[in-house]
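First comes the structure, then the notes that go with it.
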Amino acid sequence: MIRSIAALSVIAMLAACGQKTETSSAAATPTAEAAADACASATGDGIVISDAWVRAAGEGQATSAVYLTICNAGADADTLVGAASDAAETVELHQTSKNADGVMTMSPVDGLALDPKKSAVLAPGGSHIMLIGLKGPINPGDKVEVTLEFANRAPMPITVEARGMHDGGHGH
Ligand SMILES: [Cu+2]
């Protein structure tokens with residue numbers, strides 16, 4: 001992170017929400033704004049994943065969801081087109097939204113846009129990677145392997161840690 005301090009300070013001056021710029025790795029739980037700021041100054045051409053976790057699921061529970069922040073550090077747009085995991089029979093990209101009756105529903109989407117130098121935030125109440133047909137319980141602290149699939153990049157395997165209902169996210 002040290003080499004990006006100069007760039008971050010520039011961004012902090014430019015960005016309205018630039019007061020928080022630290023987004024490194026697992027310990028931090030950056031806000032969407034902070035993650036976007038850090039992504040704007042990211043170097044290289046890669047995808048940078050942060051704040052990745054999977055919701056813990058008890059015995060007999062059929063579904064769970066993976067949440068993460070995806071920074072597209074490259075200069076070109078890409079799309080998250082899918083994901084795979086041995087933890088579930090089926091893995092789908094989902095978008096949660098409110099229907100006409102004001103009820104939260106979720107539905108599959110073909111892809112999630114990854115704009116250059118921007119972060120896409122998959123979080124409770126919004127987009128998520130849905131695990132359908134869990135092959136077993138996922139306990140808090142468990143590690144789950146998930147492979148992210150992109151339109152313009154090689155698949156990217158990541159490891160996400162399980163959090164209980166009360167540890168992660170803020171509802172829904
Ligand atoms: Cu879902």
If we keep just the residues of segment 118-172 that are within 15 Å of the ligand (Cβ to nearest atom), surrounded by 13 or more Cβ atoms within 10 Å (Cβ to Cβ) and not aliphatic (A, V, I, L, M), which is modelled with the lowest pLDDT? GLY169
For ASP76, are the conditions met, namely being within 16 Å of the ligand (Cβ to nearest atom) and exposed (fewer than 12 other Cβ atoms within 10 Å of the Cβ)? no
Of (1) part of a strand (DSSP E or B); (2) more than 14 Å from the ligand (Cβ to nearest atom); (3) surrounded by fewer than 22 Cβ atoms within 10 Å (Cβ to Cβ), GLY60 fails just (1)
Is one or more of the residues making up segment 37-57 buried (at least 21 other Cβ atoms within 10 Å of the Cβ), more than 23 Å from LEU131 (Cα to Cα), among the acidic types (Asp, Glu) and within 16 Å of the chain's Cα centre (by Cα)? yes
Please find, among THR90, THR96, the residue that is touching a residue at least 60 places away in the same chain (Cβ under 8 Å), part of a strand (DSSP E or B) and among the polar types (S, T, N, Q). THR96
Quick check on segment 80-93. Is at least one of its residues away from the ligand (no atom under 15 Å from the Cβ), within 30 Å of ALA42 (Cα to Cα) and either touching a strand residue (DSSP E or B) at 6+ places or on another chain (Cβ under 9 Å) or of a type outside the set (Lys, Arg) (or both)? yes
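If you scan segment 120-135, which residues turn out to be under 9 Å from the mean Cα position of the chain (by Cα) and of a type in the set (Gly, Ala, Ser)?
The answer is ALA120, ALA123, SER127.
Please specify each residue of segment 99-117 satisfying the condition of being of a type in the set (A, V, I, L, M, F, W, C) and either away from the ligand (no atom under 15 Å from the Cβ) or part of a strand (DSSP E or B) (or both).
Within segment 99-117, the subset of a type in the set (A, V, I, L, M, F, W, C) is 100, 103-104, 106, 109, 112-114.
Correct list: ALA100, MET104, MET106, LEU112, ALA113, LEU114.
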What pairs can you find where one residue is in segment 56-84 and without any contact (Cβ under 8 Å) to a residue 24 or more places away in the chain and of a type in the set (S, T, N, Q), the other is in a strand (DSSP E or B) and within 16 Å of the ligand (Cβ to nearest atom), and their Cβ atoms are less than 8 Å apart, with a gap of 6+ or different chains? none
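The values are calculated or read from the model by the stated rules, or taken from the named source; none is laboratory data. Bear in mind the structure is a predicted one, so any value in this text is a computation, not a measurement. Virtual Cβ from ideal backbone geometry, glycine too; neighbours counted across all protein chains shown.
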